[in-house]
Every structure is written in structure tokens, then in C-alpha cells.
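A short worksheet on the structure shown next.
The values are calculated or read from the model by the stated rules, or taken from the named source; none is laboratory data. No experiment lies behind these values; they were computed from the predicted model shown. Here the Cβ positions follow ideal geometry from the backbone for every residue, glycine too, while neighbour counts run over all protein chains shown. The protein model used for the area step is the full one, side chains on, heavy atoms only, and it has no ligands, DNA or RNA in it. Shrake-Rupley method; radii C 1.70, N 1.55, O 1.52, S 1.80 Å.
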Amino acid sequence: MVISLTQLRAILVLLVGLVAIGATVVESSFDYGAALDKTLLFFEAQRSGKLPSTHRVNWRSDSGLRDGYAQGVNLVGGYYDAGDHVKFGLPMAFSVTMLSWAAVDFQEDFIKLNQMGHILEAIKWGTDYFIKCHPQPNVLWGQVGDGSSDHYCWERAEDMTTSRTAYKLDAEHPGSDLAGETAAALAAASLAFKPYDSAYSNLLLVHAKQIFSFANSFRGLFTDSIDNAKQFYTTSGYYDELLWGATWLHRATNEEYYLKYVVDNCASFGGTGWAVKEFSWDNKYAGVQILLTKVHQRQYTSTLQQYQAKADYFTCACMQKNDGYNVQRTPGGLLYLREWNNMQYSASASFLLTVYSDYLSKAKKTVNCPEGQVQPQEVLNFAKSQADYILGKNPKSMSYLVGYGQNYPIHVHHRGASIASISILHSAVECVEGFETWYKRTEANPNVLHGALVGGPNANDEFTDDRSVYEQTEPTLSGTAPLVGVFSRLHTLSANSGGSYGHESPKPSSPYHKPQYAPASHPKPAVPVQFFHSITNTWTVGTEKYYRHKVVIKNVSQKPIEGLKLQFEGLTGSLWGLNPTQAKNTYELPEWLKTLQPNSECTFVYIQGGAQAKISVESYN
């Protein structure tokens, strides 16, 4: 039989397609293994609480050691959200879900990279905290710290003087979005720990089930219960988180109840109705839809196919093959969804497409887009293009992953990174002093925040490396977390293809150690009172900026305090709420409050320009 040139070309195209479906490889000049190691370092830099001896970020130290104590609960630990020191539950839980998903799906990649110990420790730092946040079946503490007062101050976590108020959800104050995401994080983490620590895995699953039941039984938006979070993390709804939590619980337990929940609520909750172009801490629909493509249950085939159709919609929209209904891209090729911290959306899309290309490849399937069929290799290549843009393949030739490459942002909007380490500058950096001395500096940050993904460039690929341009220079947990899985997968596939960095040896990982379930220690204060400082107002007179300082004195001991005298240093303005003594710069409690009872408070205010005053206890009875 004679084969024509046209027929030969058709056969070659078919063979190439079959190869693309059967195996995926990437070629790159980027060192994805080094990038991965740096992203895991970022999570160590964001740790709150008592740091372990194995901590690798030497400019950080212990902080937030009394979080939750004012409300009678131990909420020490967890992660600071971004360049601030608030522990927001929703984005933290989403980040832990992303880390856990990566550890589960790309387990072999992490093992080959000797990074399984580090990623499990990163997950556990979050899940240990979530367990503390869930002391009762229908109670979930969702936030520590006041976003407003925190943003008035520029100080290291180790020096925090701002409010550490904790906020909780319960039956009367629900939050299905936050609780649903926390359930998903714990369920996904239970899968990650299952091969290494079955007892801990089971414990996570117990909490995940209870929290999901709480989220489903008492429905509502968490910002209606925690008003303080509203201006920072307002969500678009909670139905996606309920589907998300149920999907992860089905994967972790294989119990039909959770799959039936996802199927029965597919239309009313928008799972098969919403076709989305975003995957983020707020919107989980695309994650649900892609995760469910792994499920094969004959009695639910029709509904599962509807979910997959929406997964394909997301994929086609990212790849510009959706008949005009595509995700916007910058001229340099970066997915662009938001002016504020946009790169978190391209990072999460990159992760989701990396996962989906893997699912498609193993199932030997393709994506049928309105503008043509897409092979798994093409999906992976597009995911890689977003990662490569982040690492430096962009019009600025800049790495937006801090610490990677030779050209990366050096004025990152991050309190700890921008102020000299407490191991070098031992004296406290006060609230206003931090703004005046460190925030406004033109010099580079003294500490490199390795692995932080900054907000990134604007719609025209333009970037301003300036702390005050926080839309572009502030990193977040939810931005960096998806990259951990992307870099692990790309490193392995690059190694398989013999890429330039394919055989680099990543830094060794410490082995994962099973947790010792010892009761948490409660540090004793050096003095019986604590000061909670906040700035409640600012104004400018001429060229001088003035601040209204509010200070709460709290008796944190178990005994009444009498004769409390406070010494002030650097007080230049007027003070109300305390009585001056005959000693210079020394004040005492007002006449009507000679005794400060246990857990009671006294508030005073003062107004002055420049740095805040330093307050210490001179004496008490």
C-alpha cells in the first residue's frame, strides 16, 4: 500500500498526540528544585509561636506566645498572613489545603527532592494550630489579631504591641466559608500524613468531619460573624467551600455520604452551574470541579460529567481557547485577574492546571475546547509558562519569587523582612518608629524573605519595587502555597527530560518526626501586667504628624495588683487616664482604681508626634 504525504502527516500528528497523552515532559533552564526550597522557607518565615530548634530562617524569633490567652484558649502557632501579623483563618486554611494537595498528588516528587519532611512540617504548623482553634464540635476560632490596629503599626512580630484579640465562630455566629475551608485543609492533610503518621492522620480526620458538620449545620458568611475581617477577606459566598470540604472528605474517607452531598447539591450550590475563570482563597469551584474528575462512580456519572465540563471550561479559559470567554493576560503572557496581588491568581491557576494535566495524562484524556482539542502536555506547558514568568521569563527579566535568581524585589512590603533582626537590633522597634525609621527607607530590606511571591506587575507587565506599593510588593500565604506543588512537579519532569537543571541536588530535608502530644506550656509573664497598644487616630498640623495612642493595661496574673507605677520614656505629649506622681515621668492608676483585679483592664491615651513612648513597670504591690 502506498501512503500519500497527506496521510503520513496525519499519522505523525496522531502519534504526537498519543505521546502527549501518555507522557509529559518539560524543558527549562530554571532550577525548580531551588525555587521549591525557597517557597518552603517562606512558610518558616511566616511562623507565629515558639519556633523549633530546626528553624532555618535565622532573622526570625518567637512571637505571639500569648495568642488567645485573654479569651481563655491557647491559639499560639499558625501563620501570619502576609506582610502583617494577623492570623486570618480563611487564607491560612486555603494555603494548608494547597500544600497538602501537593504533598498527596506529587508525593514521589517530594521524596525524590528530599523535601517530604519540610512540606509535612509546613502543613503540620498549620494543622496543629487548627486543632487548637477547634476546642468544641461547634466552635472554631477564625482569627487572631486586629487588622486595623495592626496596619497602623510597622514593627517586628517579636515586638508586637498591637491587639491580639481572637475571634470565634459558633452556632450563633456561623461561618460556613471559613469552616468549610478548614475542613478541607484538615481532610487533605490527613491524606498527606497517612503514610507517615496514621494516628495524627486520624486525629485530623476527626476534626475535619466535625468542622464540616458545623459548617453545614450552621450556615452563614464568616465576615458576618467576624466583622473585623470584612475589609480584608470578604468572600463571595460559602457554597463552594461546602462542596470543597465535602469533596476532600470523600477523597480522605471514601465515604459515599460526602460524594452524595456533592452530587445532591451540584445545582443548588453552583457546582455544575458556575463556570469560573478564577481559583483562589475565595473561589473554590474550579478546584472542586477538577478534583471530581478523579472520581468514577457509575450511579453518579451524569453529574460528574457536568462537573468535568466546568473543569474544562476553566482550562480552556486560561489557555485562551474558550471562544472569547478567556482569562485576561498581560502582553508578556501572565494571567491577569486583579489589580491587587494578582500573581496569587496566576500561581493558583498554574497549580490547578499542573494537577489537571496529570489527571488527564493518566486517564489518557484530552480537553475539548471551543477552539480546538487540548492535549495534557499543552495544559502542562501553559502551567509552566506561568511559573516561568514568575521566575524571570517576563518583560522585566525579574524574578517575582524573592531570593530566586539575581534580580528580584528588594523592597518587599513585609514588616519582619524590612526591619533589622532582633538578633542584631536587640532593642524593640516601636509602632510608629518602625514607619519612620524602616518603612520609609530607600535601602533594600535587611532580611531576604526567601520564597515570597510578591503581588507582581500590573496589566502591562510594569512593576514598582517600593514598599508603599503594597498591591505589587506584598507577599501572601495564599500566593506562595500553590507554587510549592508546581515547582516540585516541574523539577521532576524537567529532570526526566534532561533539562539544564534537571540533575541539580536540592538542599536536604530534615526527616519528619511524629508529634509528641504533650500539653502546651503556658509562659509566665515577667511582670503581672501586659500593655496592648493601638493607634486610634492620626492627623497632620503643618508638617508634623500626630498620633492618638490608646494603651490598655491588663492584669494577666491571678492576684490583685495595688500601687502600680509606670515609667515612661519618650513621652512628649499630653496624657489622660493616669495620675502623675512626684517622680519624673512616672504615673500611677487613677484615684478611683487603686486595685487592678485579675483579668481586669485600665485604659489611658496620649497624643504626640513621632515615635510612641516606651512604657515599663516601675513598681507594684
Subject >> Answer from TYR345, TYR359, TYR336, TYR285 - the residue that is farther than 25 Å from THR234 by Cα and of a type in the set (Ser, Thr, Tyr) >> reply: TYR359
**OP:** Restricting attention to the range 342-375, report how many residues are buried (at least 24 other Cβ atoms within 10 Å of the Cβ), within 23 Å of THR330 (Cβ to Cβ) and not aromatic (Phe, Trp, Tyr).
**Re:** 11
Original post:
Does GLY485 fit the bill of being of a type in the set (Gly, Ala, Ser) and either closer than 18 Å to TYR400 by Cβ or at pLDDT 95 or above (or both)?
Top reply: yes
Original post:
Can you tell me which residue in the range 149-158 is modelled with the highest pLDDT, limited to those that are open to solvent by 20 Å² or more (accessible area, probe 1.4 Å) and in contact with a strand residue (DSSP E or B) (Cβ under 9 Å, 6 or more places away or on another chain)?
Top reply: GLU158
**OP:** Only one of these is assigned to a helix (DSSP H, G or I), open to solvent by 30 Å² or more (accessible area, probe 1.4 Å) and touching a residue at least 60 places away in the same chain (Cβ under 8 Å): GLU378, GLU339. Name it.
**Re:** GLU378
**OP:** Tell me, yes or no, whether the range 58-71 has at least one residue that is basic (Lys, Arg) and in a loop (DSSP other than H, G, I, E, B).
**Re:** yes
Original post:
Residues in the range 343-375 that are within 25 Å of the chain's Cα centre (by Cα) and touching a residue at least 40 places away in the same chain (Cβ under 8 Å): how many?
Top reply: 15
**OP:** Tell me which residues, restricted to the range 231-264, are surrounded by 14 or more Cβ atoms within 10 Å (Cβ to Cβ) and of a type in the set (Gly, Ala, Ser).
**Re:** GLY237, GLY245, ALA246, ALA252
Original post:
Which residues, counting only those in the range 267-303, are surrounded by fewer than 22 Cβ atoms within 10 Å (Cβ to Cβ) and hydrophobic (A, V, I, L, M, F, W, C)?
Top reply: ALA267, TRP274, ALA275, VAL276, VAL295
Subject >> Subset of the range 205-230 [within 21 Å of the chain's Cα centre (by Cα) and either open to solvent by 70 Å² or more (accessible area, probe 1.4 Å) or of a type in the set (Phe, Trp, Tyr) (or both)] >> reply: PHE212, PHE222, ASP227, LYS230
**OP:** Find all pairs meeting these conditions: Cβ atoms under 9 angstrom apart; at least six residues apart or on different chains; first residue within the range 548-567 and in contact (Cβ under 8 Å) with a residue 60 or more places away in the chain; second residue of a type in the set (D, E, K, R) and not in a strand (DSSP E or B).
**Re:** VAL556/ARG66
Original post:
Taking the range 309-329 as the search range and keeping residues that are polar (S, T, N, Q) and crowded, with 19+ Cβ neighbours inside 10 Å, which one is nearest to GLU378 (Cα to Cα)?
Top reply: THR315
Original post:
Are there any strands (runs of 3 or more DSSP E) wholly within the range 518-621 with 2 or more residues that are open to solvent by less than 60 Å² (accessible area, probe 1.4 Å), at pLDDT 85 or above and touching a Pro at 6+ places or on another chain (Cβ under 8 Å), and if so which?
Top reply: 586-588
Original post:
Can you name the condition, by its number, that GLY392 falls short on among (1) closer than 23 Å to MET319 by Cα; (2) small (Gly, Ala, Ser); (3) in contact with a Lys or Arg (Cβ under 6 Å, 6 or more places away or on another chain)?
Top reply: (3)
Original post:
Restricting attention to the range 425-451, which residues are aliphatic (A, V, I, L, M) and touching a residue at least 24 places away in the same chain (Cβ under 8 Å)?
Top reply: ALA428, VAL429, VAL432, ALA444, VAL448, LEU449
**OP:** Name every residue in the range 42-90 that is charged (D, E, K, R), closer than 14 Å to ALA166 by Cα and in contact with a strand residue (DSSP E or B) (Cβ under 6 Å, 6 or more places away or on another chain), in order of residue number.
**Re:** ASP67, LYS87
Subject >> Answer from GLY64, GLY72, GLY68 - the residue that is open to solvent by 10 Å² or more (accessible area, probe 1.4 Å), at positive phi and more than 18 Å from the chain's Cα centre (by Cα) >> reply: GLY72
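Residues are listed down the side, and each one gets a yes or a no for (1) open to solvent by 10 Å² or more (accessible area, probe 1.4 Å); (2) part of a loop (DSSP other than H, G, I, E, B); (3) among the basic types (Lys, Arg):
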| site | (1), (2), (3) |
| --- | --- |
| MET398 | yes, yes, no |
| PRO409 | no, yes, no |
| VAL429 | no, yes, no |
| GLU433 | yes, no, no |
| GLY451 | no, yes, no |
| ARG467 | no, yes, yes |
| ALA481 | no, no, no |
